[in-house]
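Below is one structure; the comments refer to it alone.
All of the numbers you see were taken from the coordinates with simple rules; none came from a lab. Fair warning: this is a prediction, and the values are worked out from it, not measured in the lab. FYI the Cβ positions are ideal-geometry reconstructions off the backbone, even for glycines, and counts take in every protein chain you see.
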Amino acid sequence: MASAAAGGGLLAATPEFPTFKGRAGWEFTDISELDLESYEFATPSHPAYGIELQGSLWDFPAAPHVDGVTVSVDDEQTIVTVARGVNGGTIHVAAIQTRDKTLVNQRTRIVLEEGAQAEVWEQLLSEGEVDGVFNLSTELVVGDGAHLRYVCGQALSEKSWIFGAQRALVGRSGSLDWVALGFGSRSGHVLMETRLAGEGADARVTGAYATHGRQHIDFDTTQEHAAPRTTSDLAFRGVLQDRSSAVWKGNIIVDPDAQKTDAFQDSRNLLISKRAHADSIPGLEIQANDVRCTHAAAVAQVDPEQLFYLRSHGIDEAAAKRLVVEGFLAALVERFPVGPVREVLADALEKRLALILG
C-alpha cells in the first residue's frame, strides 16, 4: 500500500492512490480524507498466549502443544503451518495497533498441508482510540483433503482506517470455513477472495458487521470456482445504526472447466435508523454450462409490524427493537452447530449490539 520515506513518513506507492468513484472497486468508499504522509510506520504488537487482551472479541487461551504445528511471529508477519495429516486443534493469533498516527502492516499466512485440520482464530485490535491505518494481508492455503476454519475478527478503533487483501486457495476435496467479523474502524476496504482450485473443494464464508455513528464498512468478496464439482456458500449480514453505511459487493466466478459447480451468495442488511445506508451488489460470471449458481440481496428497515406486535405484548420500544435485530442475526449464528464458534459469534454480536443500540 505504501513505502517508507526518509524520516519515517510515507510515500504513496504505485499504482496511484485510488480516488472515490474513480477506480473499479472504490466506487462506494471515499478515502479523500486519508493523508498517508501524516502516518509513520510501526510494527503491531503480537501478544503472548494466555493473557487478557484489551477490547478483545474472545479469550486468548494458552497455546496448544501439538507436534507438527508451527506458529512463527516476527515484526509484521504471522505464519501458521500444520503438517500433513496433523490435527492442529485451535490456534489463536492477534495483532494490536498500539501507537497513534501510525500505519501497521500485518501479514498472516496459514498453510495446511494435505489432510491436515485446524482452527485459526485471529483478532485485529487497537489499544485505545488510536488514529491509525491498518494494512492487512492474509493468505490461506488449504491443501488437498485438508480442513481449515479461519475466524477473523476486526475490532479496531473507530478513528482508524483498515485496508485488506485476504485470499484463500482450497485444494482437491479440501474445505474452508471462513468467518469475518467487522465491528471497528472508521472506514476502509477489505477484499476477500476464495479460489476453489481442486475438484470437490468446498468453501463457506460467513460475515457479520454492526456499525453506528459515521462508520463505513466495505467488503468486496469473490468466490472463484476453478475446478469441477466445487461448492461455495456465502452469507453476510449487517446491522446499521445512526448515519453509518456499508457496502457488500460479491461475485461468483465459474471458470470454463468448473462443471457441476454449486454456488450461493446472500447479503442482507437491517437499517435501524432512517439515515443509515447499505448497498448490496451481487454478481455472476458463469463460463460453464452445467452449474447451479444463485444469489440474494436485501436492504430493509426494521419492520414496524414486528415492533407493533411486540409492543402490544407489553415490551417497550427499545427492547422490541433489540429483539427484532437479534432475530435478524440469529440466522447467521445458526449456520454453525452448537459449539465454540456459535457461542463466540453470538457473544460478540450481543456485545456489539449493546454498544450500538445503547
- Any idea which of Gly314, Trp26, Ala201 is furthest toward the positive side of the dipole for the chain, if Lys and Arg beta-carbons carry +1 and Asp and Glu beta-carbons -1? Gly314
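Please go through segment 131-232 and write out the trypsin sites (Lys or Arg not before Pro) that DSSP classes as loop and that have at most 14 other C-beta atoms within 10 Å. Present the calculation step by step, with values, prior to reporting the outcome.
On the way: sites: Arg149, Lys159, Arg167, Arg172, Arg186, Arg195, Arg204, Arg214, Arg229; in loops: Lys159, Arg172, Arg186, Arg214, Arg229.
Those satisfying the criteria are Arg214.
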- Note on the structure: Assertion target for Ser245, Ser173, ordered by fewest C-beta neighbours within 10 angstrom first, is Ser173, Ser245
- Using a 10 angstrom cutoff on alpha carbons, build the Gaussian network for the chain and name the most mobile of Val142, Val170, Val71. Val71
- Item | Structure-based [θ]222 nm, the chain - -39500 (n - 2.57) summed over DSSP H runs of at least 4, per residue, nearest 500 | -4000 deg cm²/dmol
- If you build a Gaussian network model of the chain, linking Cα atoms that sit under 10 Å apart, which residue out of Leu169, Leu181, Leu323 swings the most? Leu323
- Task: Using amide H atoms built 1.01 Å from N in the peptide plane, name the residues 5+ places from Thr261, or on other chains, whose amide H lies under 5 Å from its own.
- Result: Arg229, Thr230, Arg292
- Message: Could you work out how much longer the chain between Ala288 and Ala330 gets when fully extended? Use 0.36 nm per residue separation minus the Cα distance between them, nm to one decimal.
- Response: 11.6 nm
- Extent of the chain along each principal axis, from alpha carbon coordinates, in Å, largest to smallest? 59, 57, 45
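Can you name the helices of the chain, as whole DSSP H runs, whose Cα span along the helix axis is 18 Å or more and whose Kyte-Doolittle mean is not below 0.0?
Those that clear 18 Å and a mean of 0.0 are 317-333, 340-357.
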- Message: If you take every DSSP beta bridge fully contained in the chain, what fraction is antiparallel? Give it as a percent rounded to 5.
- Response: 5
- Note on the structure: Exposure proxy check on Lys249, Lys274, Lys260: fewest-to-most Cβ neighbours within 10 Å is Lys274, Lys260, Lys249
- Query: FRET efficiency for Ala300 and Leu323, Cβ-Cβ distance as r, R0 = 25 Å, nearest 0.05?
  - Reply: 0.95
- Find me the longest stretch of the chain that has none of the exposed GluC sites (Glu not before Pro), where exposed means in a DSSP loop (not H, G, I, E or B) with at most 13 other Cβ atoms within 10 Å. 130-333
- Note on the structure: For Tyr150, the net charge from surrounding residues (Cβ-Cβ under 10 Å; K, R +1; D, E -1) works out to -2
- Mind jotting down the distance between the C-alpha centroids of segment 225-294 and segment 50-112, whole Å? 29
- Item | Qualifying lysines (Cα of each under 28 Å from Cα of Lys321; at least 8 residues distant if same chain) | Lys159, Lys249, Lys274, Lys351
